[in-house]
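S.K.: The structure that follows is given in the form of structure tokens.
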Amino acid sequence: MEEIETLVSPLQAIHEDFRLWITCEQHPRFPLGLLQKTLKVTNEPPKGLKAGLYKTFTTIITQEFIDKVDHANWRSLIFTVCFLHSIVIERKKFGPLGWCVPYEYNYSDLEASLLYIEKYLTNLMSTP
């Protein structure tokens, strides 16, 4: 892996069709620089993502909340914000690899985001 890093690092212009697929698992000698320069692809969702969505939709999001706003995009926006919330919560497990400034994103942030969207859509619908 260190040899691949030394071969790939100096490249400035890479052909747009070039792909280097590697598999990686945690290893103390895996070059962090190579990991930070790459685009990561996964074929499985993180285990906590599904659990996070389940928790959100069983504790905060109720049927009454879903029916609260009569707008075509309301349900999609609820799911999108909840999905983002679960991703951010799950991503915190990786520590400083993905974050420059630590921020405790929690359920109050999720509720504030949903409240903002609710008010925006309600005002949008009431404006002629």
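The values are calculated or read from the model by the stated rules, or taken from the named source; none is laboratory data. All figures in this text were calculated on a predicted structure; none of them were measured in a lab. Positions of Cβ are backbone-derived with ideal geometry, glycine not excepted, and every protein chain shown enters the neighbour counts.
S.K.: When the residues of segment 82-104 are filtered to those that are more than 13 Å from the chain's Cα centre (by Cα) and among the hydrophobic types (A, V, I, L, M, F, W, C), which remaining residue is modelled with the lowest pLDDT?
M.R.: Step one: list which residues in segment 82-104 are more than 13 Å from the chain's Cα centre (by Cα), which gives 95-97, 100-104.
Checking which are among the hydrophobic types (A, V, I, L, M, F, W, C) leaves us with 97, 100-101.
On the way: Leu97: 61, Cys100: 65, Val101: 69.
By that ranking, first place goes to Leu97.
S.K.: Is at least one residue of segment 60-81 exposed (fewer than 13 other Cβ atoms within 10 Å of the Cβ), among the small types (Gly, Ala, Ser) and either over 30 Å from Glu3 (Cβ atoms) or at pLDDT 85 or above (or both)?
M.R.: Within segment 60-81, one or more residues are exposed (fewer than 13 other Cβ atoms within 10 Å of the Cβ), among the small types (Gly, Ala, Ser) and either over 30 Å from Glu3 (Cβ atoms) or at pLDDT 85 or above (or both).
S.K.: Is at least one residue of segment 105-114 surrounded by 12 or more Cβ atoms within 10 Å (Cβ to Cβ), under 30 Å from Pro31 (Cβ atoms) and either modelled with pLDDT of 85 or more or under 15 Å from the mean Cα position of the chain (by Cα) (or both)?
M.R.: Yes, because at least one residue in segment 105-114 is surrounded by 12 or more Cβ atoms within 10 Å (Cβ to Cβ), under 30 Å from Pro31 (Cβ atoms) and either modelled with pLDDT of 85 or more or under 15 Å from the mean Cα position of the chain (by Cα) (or both).
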